Amino acid sequence: MRAIAVASSLGSILAALVWAGAAGCGTIYLDDYTVCRDDAGTQVPCCGPAGNKFPCPPDAGGDADDGDDAEADAGDDDGGPVGPDGSAFVCPGECVPQGGGGFSEQPLFVAMRAEGQPPLPPLAPNPAWQGWVDVQFAEAVCPMCTCAAPVGGCVLPVSWNANPAACQPIPAPNVTPFNAPAAWDGTCTAANAIPAGIMCANGPCVQSVTVEPPMVIEEACVPAPDMAPGGEPLPQPTRTEVLVYSTTPFGPCEGGIDQCIVTPPAGYKLCIARYDDDGYSCPPDWPERHEGWKQVEDGRSCGSCKCSAPAGGQCTARVKAYLDAACGQELTSMILPSDEPSKCNDLFSGAPLGSKTAEVLSYQPGTCQPSGGELVGQIVTNEPAVFCCRTPLPPVP
């Protein structure tokens, strides 16, 4: 007869887990909830110390058999692996190899869930380790900043002055204003008309006329893409959350090398761990590798885009002065580029300045120089870890 020790069900095991620990590590105690059955499926008393329970063999209370029966009892029934007290022991969970080589000697219960998925129920109030593995960081690429053309236009000149002398490098000190209205659109206006023959201190007030150039007025350029003043953070990495709990082995399996570990609860796997980043390979019996850290944050961001003030805008206007108040008798005309100084035209002495007109001949918007969009900040990782897990065993046929 072969002795086996089993729990009543995986649900019973999970329901019966009583956890105690220090420094956040949990320990499983299953002995009070172990049900032992013999080969015929009959429940029998359990033997063995805590953590190594097994069905008591038929002769556990003293072997009264002799002869052939005693010889039989000493053979098949009491053979196989033995527990610490010398009695038959069969692992009620899974026999797994130890870690070693810098990895944890004792296997761990490890749950892994992609961030955002519902978490698994914890196995203890505090896990032995909690962090992230299989982290994929966003590509460190920021958009190229550009600047849209500025919105603006050409402002027609409103400053006109009649001079009491012919045009000269140094304008006459005493001028008579012939200004256009504010925000003038260039249509005919008789504002500030100067009658014919009006006299100043040294002679006729009108002998020439000076007109200021037009001005380019433009709003600030709009940067693209539009981002918050503090920039835009890169997308957070995709990562898998890890919960790690300690296990308590039932004892050594046959040969005394492998350990008997209870079957992991649903959603958990058996793994060994190294808490460093030295790049060690996983042992052959633990081939499923997961690398990560306790803390993982991507603090990188793309700086906001900015634009310089518009520069290089240019416009040209044509202005005309008339003898009459209805812009019918043209007296003089000038073409004024915005990037040149004021211009002066000589008139016949004492001429009247009755009205004026202006028009925009051309407008070339300025440009803005983009800046910003650079990658700033850094990735923050702390407390590296490597988990090597068992490949799930194929089902027993």
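The values are calculated or read from the model by the stated rules, or taken from the named source; none is laboratory data. Values in this document were obtained by computation on a predicted structure and should not be read as measured data. Heads up, the Cβs are rebuilt from the backbone with ideal geometry, glycines too, and the neighbour counts pull from every protein chain shown. Ligands, DNA and RNA are excluded from the accessible area calculation, which covers all protein heavy atoms including side chains. Shrake-Rupley method; radii C 1.70, N 1.55, O 1.52, S 1.80 Å.
Of everything listed in (1) part of a loop (DSSP other than H, G, I, E, B); (2) open to solvent by 70 Å² or more (accessible area, probe 1.4 Å); (3) closer than 30 Å to ASP185 by Cα, the single unmet condition for ILE335 is (1).
Residue-by-condition table, conditions (1) part of a strand (DSSP E or B); (2) under 30 Å from PRO264 (Cβ atoms); (3) touching a residue at least 60 places away in the same chain (Cβ under 8 Å):
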| residue | (1), (2), (3) |
| --- | --- |
| GLY328 | no, no, no |
| ALA351 | no, no, yes |
| LYS356 | yes, no, yes |
| ASN382 | yes, yes, yes |
| CYS388 | yes, yes, yes |
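Condition first: aliphatic (A, V, I, L, M), closer than 30 Å to TRP129 by Cα, open to solvent by 20 Å² or more (accessible area, probe 1.4 Å) and modelled with pLDDT under 95. Can you find one or more residues in segment 291-305 that meet it?
Scanning segment 291-305, I find no residue that is aliphatic (A, V, I, L, M), closer than 30 Å to TRP129 by Cα, open to solvent by 20 Å² or more (accessible area, probe 1.4 Å) and modelled with pLDDT under 95, so the answer is no.
Within segment 241-258, being out of contact with any strand residue (DSSP E or B) (no Cβ under 6 Å at 6 or more places or on another chain) and at pLDDT 85 or above holds for one residue alone: SER246. Assess whether ALA321 counts as being in contact with an Asp or Glu (Cβ under 7 Å, 6 or more places away or on another chain), in a strand (DSSP E or B) and surrounded by 18 or more Cβ atoms within 10 Å (Cβ to Cβ). When the stated conditions are applied, ALA321 does not pass them.
Between a residue in segment 179-201 that is under 13 Å from TRP160 (Cβ atoms) and any residue that is part of a loop (DSSP other than H, G, I, E, B) and open to solvent by 80 Å² or more (accessible area, probe 1.4 Å), which pairs come within a Cβ distance under 6 Å, given they are 6 or more apart or on different chains? Taking only residues 6 or more apart or on different chains, the pairs are ASN179/ASN192.
Within segment 231-247, residues that are in a loop (DSSP other than H, G, I, E, B) sit with their Cβ atoms under 6 Å from residues that are acidic (Asp, Glu), at 6+ positions apart or across chains, in these pairs: LEU234/ASP298; GLN236/ASP298; PRO237/ASP298.
For segment 212-232, does any single residue satisfy the condition of being over 57 Å from the mean Cα position of the chain (by Cα) and more than 27 Å from ILE379 (Cα to Cα)? No, segment 212-232 has no match at all.
Within segment 224-254, being open to solvent by 10 Å² or more (accessible area, probe 1.4 Å), closer than 20 Å to ARG390 by Cα and not aromatic (Phe, Trp, Tyr) holds for THR240, GLU241, LEU243, SER246, THR248, PRO249, GLY251, PRO252, CYS253, GLU254. Checking each residue in segment 269-290 for being within 29 Å of the chain's Cα centre (by Cα) and surrounded by fewer than 19 Cβ atoms within 10 Å (Cβ to Cβ) picks out TYR275, ASP276, ASP277, ASP278, GLY279, GLU288, ARG289. Listed by position, the strands (runs of 3 or more DSSP E) inside segment 89-157 whose residues that are on the phi < 0 side of the Ramachandran plot and crowded, with 19+ Cβ neighbours inside 10 Å number at least 3 are 108-114, 129-136. Could you tell me which residue of segment 163-203 is surrounded by the most Cβ atoms within 10 Å (Cβ to Cβ), considering only residues that are outside any loop (DSSP other than H, G, I, E, B) and touching a strand residue (DSSP E or B) at 6+ places or on another chain (Cβ under 9 Å)? Restricting to residues being outside any loop (DSSP other than H, G, I, E, B) and touching a strand residue (DSSP E or B) at 6+ places or on another chain (Cβ under 9 Å), the top hit is ASN163. Out of (1) open to solvent by less than 70 Å² (accessible area, probe 1.4 Å); (2) closer than 30 Å to VAL216 by Cβ; (3) in contact with a Ser or Thr (Cβ under 7 Å, 6 or more places away or on another chain); (4) at pLDDT below 95, what's the single condition that is false for GLY377? Answer for GLY377: the failing condition is (2).
Of the residues making up segment 300-317, just one is more than 30 Å from GLU212 (Cβ to Cβ), part of a loop (DSSP other than H, G, I, E, B) and of a type in the set (S, T, N, Q), namely SER304.
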